[in-house]
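One structure is given here, and the rest of the page talks about it.
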Amino acid sequence: MKHLRICPKCHASLKLRPDGETQYCNICRYWTKLGTARLDSIMIYG
Ligand SMILES: [Zn+2]
């Protein structure tokens, strides 16, 4: 599964943790791991 930009639960924007591997929603506490797609995450957040 790839990274998400919008929370699948409440549709708010997901934040990226400083570890660069976890995205989280500060509204409903949803979170997901990015896996190993680091280059993709750089393209989105860089
Ligand atoms: Zn949410």
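Taking 0.36 nm per intervening residue step and subtracting the Cα-Cα distance, what contour gain separates LEU16 from ARG29 on full extension?
Taking LEU16 through ARG29 to full extension adds about 3.4 nm, to one decimal.
With Cβ to Cβ distances under 14 Å as the rule, what net charge do the other residues near ALA12 carry (K, R +1; D, E -1)?
After counting each charged neighbour, the total is +4.
Every read-out reported here was derived from the displayed coordinates using simple, explicitly stated rules and does not represent laboratory data. These figures come from a predicted structure and were not determined experimentally. For neighbour counting, all protein chains shown are included, and Cβ atoms are generated from backbone atoms with ideal geometry for every residue, glycine included.
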